[in-house]
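**Student:** Got a structure for you, questions after.
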Amino acid sequence: MVRIRVLVVDDHRIFAESLAAALAAEPDVDVTPAGSGRMALRCLERAAAVGRPFDVLLVDADLGSLALDAAAAAGPGRAAEHGVRRAVAVPDGGADRVVDGISLVAGVRAAQPAVRSVVLAERDDPHRAALALAAGACGWVAKDCSLSRLLTVVRGVLRDETHLPPALLTGVLRELTAARKHRTESERLIESLTPREREVLRCMVAGLGRQAVAERLFLSPHTVRTHMQNVLGKLGVHSTLAAVALARRAGVGPADLEEAAS
């Protein structure tokens, strides 16, 4: 019998372990719980390294929210640090980096495209469901759905099916259409940048500050400041975070930091 390897990712550990136990009762399912996005990434990497990759990722739509709440309780500076790091997806491998559900889905899609991702949500949300699908998810399922329904989705996504609650379909299609329009507009703005400005923007997407960009591109900080101001002006935004968000909508990826460090 071919067994389906499932990774359940939810930082509400009791839920993750309970769901894992319920799924493990199925004769054709092997399941592992993970309590955070970072733990899930380690599980995925180890499984792939030994030739036993996971087939399906079940990930909480609110993954990472507990860590952000804890950061908020620790003080506004700490909360802002986590929020910014998550917003720009800083690839620094820091131990405190928050990995949210949508970022996890996108990262797994890029690194292990054979893994099918399904998002588990406490409430229907067309906007977030559309973001999940755009990131590479194959389904959006209510956390309180029946076990038989969840198993139907797990087996269905392995047949390349996409599963959405019928009540979400119209809203998700509307969101995806709007996102496509925004992407086209964003791509037009990106095309207005010079090659050097695009390099600077990619560094901004990677989360580099002015000094780090200067060192990477062998420019003076003053010149980098000028390029950054030009980028913001041409994109019609007023902050680095807004520029990064627009760049991501247009499909602009971060600068290769490993290449920069070599």
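**Student:** Out of everything in the range 3-39 that is within 20 Å of the chain's Cα centre (by Cα) and among the hydrophobic types (A, V, I, L, M, F, W, C), what residue ends up being farthest from T152 (Cα to Cα)?
**Tutor:** Only one residue fits best here, namely M39.
**Student:** For A114, are the conditions met, namely being of a type in the set (A, V, I, L, M), at pLDDT 85 or above, farther than 18 Å from G37 by Cβ and not in a helix (DSSP H, G or I)?
**Tutor:** Criteria met by A114.
**Student:** Can you pull out every residue in the range 210-240 that is among the small types (G, A, S), surrounded by fewer than 14 Cβ atoms within 10 Å (Cβ to Cβ) and free of Cβ contacts under 8 Å to residues at least 24 places away in the same chain?
**Tutor:** S220, G233, S239
**Student:** Can you spot a residue in the range 38-48 that is at pLDDT below 95, out of contact with any His (no Cβ under 7 Å at 6 or more places or on another chain), crowded, with 22+ Cβ neighbours inside 10 Å and under 16 Å from S117 (Cα atoms)?
**Tutor:** Scanning the range 38-48 turns up at least one residue that is at pLDDT below 95, out of contact with any His (no Cβ under 7 Å at 6 or more places or on another chain), crowded, with 22+ Cβ neighbours inside 10 Å and under 16 Å from S117 (Cα atoms).
**Student:** Could I ask something else about it? Taking the range 159-192 as the region of interest, how many residues are touching a helix residue (DSSP H, G or I) at 6+ places or on another chain (Cβ under 6 Å) and either modelled with pLDDT of 90 or more or in a helix (DSSP H, G or I) (or both)?
**Tutor:** 10
**Student:** So in the range 52-69, with the set limited to residues that are surrounded by 17 or more Cβ atoms within 10 Å (Cβ to Cβ) and acidic (D, E), which one is modelled with the highest pLDDT?
**Tutor:** Within the range 52-69, the match that is modelled with the highest pLDDT is D55.
**Student:** Among the residues of the range 1-60, write down those that are more than 23 Å from A106 (Cβ to Cβ) and hydroxyl-bearing (S, T, Y).
**Tutor:** S18
**Student:** Another question, if that's okay. Looking only at the range 152-167, which residues are surrounded by fewer than 18 Cβ atoms within 10 Å (Cβ to Cβ) and in contact with a Phe, Trp or Tyr (Cβ under 8 Å, 6 or more places away or on another chain)?
**Tutor:** H163, P165
**Student:** Let me ask another. Only one residue in L23, L63, L58 is closer than 22 Å to G136 by Cβ and part of a helix (DSSP H, G or I). Which one?
**Tutor:** So the residue among L23, L63, L58 that is closer than 22 Å to G136 by Cβ and part of a helix (DSSP H, G or I) is L23.
**Student:** Could you list, in sequence order, the residues of the range 136-151 that are assigned to a helix (DSSP H, G or I) and surrounded by 15 or more Cβ atoms within 10 Å (Cβ to Cβ)?
**Tutor:** L150, L151
The values are calculated or read from the model by the stated rules, or taken from the named source; none is laboratory data. Not measured: the values here are computed from a predicted model. Note: ideal-geometry Cβ built from the backbone for every residue, glycine included; neighbour counts use all protein chains shown.
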